[in-house]
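In what follows, a structure is listed as structure tokens, so that the remarks can point back to it.
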Amino acid sequence: MKKYKFTISGDEYDVNIKDFEDNVAQIEVNGTQYSVELKGEVKASKTPKLVRKPVVQQPGEGQIKKKQSSGGMQVKAPLPGTIFKMHVAVGDQVKEGDTLLIMEAMKMENQVLAEKAGQISAVKVKEGDAVLQDDVLIEIS
């Protein structure tokens, strides 16, 4: 938006040019809106106009699929990363402090440990999966 001050016959006018497209300008003079058509040569804009096709979503795209919980204690991802190696499977018995899996986050391998003893009732991820912080990885019952 460009601002100008004009003095015409001793009267001052504040003029704001809001938009200028082809030979029509949208301006504001002392707070009043005007649409002004200019006569004469119309210069072509050097800036190309971006024309995009409408975005068409595929079926199911943009929907979050949640997996049902089996009711056990949930082991969640401590930070975003990628599952590097699984050390347990469904049905395995674990003790408190056992390594359940290794995940790679921030170029480091992080061990995810069991917080309590029990049996693995569900494994929600596999090697190579990308996870976000607080995603459920494993359930222990």
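The values are calculated or read from the model by the stated rules, or taken from the named source; none is laboratory data. All of these numbers come straight from a predicted model, not from anything done at the bench. Quick reminder, even Gly has a Cβ in these numbers, built from the backbone with ideal geometry, and neighbours come from all protein chains shown.
Which ones in segment 100-113 are farther than 13 Å from A89 by Cα and out of contact with any Gly (no Cβ under 6 Å at 6 or more places or on another chain)? Across segment 100-113, the qualifying residues are I102, M106, K107, M108, E109, N110, Q111, V112. Filtering segment 103-114 to residues that are within 17 Å of I140 (Cα to Cα) and crowded, with 16+ Cβ neighbours inside 10 Å leaves V112, A114.
Conditions tested, residue by residue: (1) modelled with pLDDT of 85 or more; (2) under 20 Å from K116 (Cα atoms); (3) acidic (D, E); (4) assigned to a loop (DSSP other than H, G, I, E, B).
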site: E28; (1), (2), (3), (4): yes, no, yes, no
site: S35; (1), (2), (3), (4): yes, no, no, no
site: K46; (1), (2), (3), (4): no, no, no, yes
site: K53; (1), (2), (3), (4): yes, no, no, yes
site: Q57; (1), (2), (3), (4): no, no, no, yes
site: E61; (1), (2), (3), (4): no, no, yes, yes
site: T82; (1), (2), (3), (4): yes, no, no, no
site: A89; (1), (2), (3), (4): yes, yes, no, yes
site: G97; (1), (2), (3), (4): yes, yes, no, yes
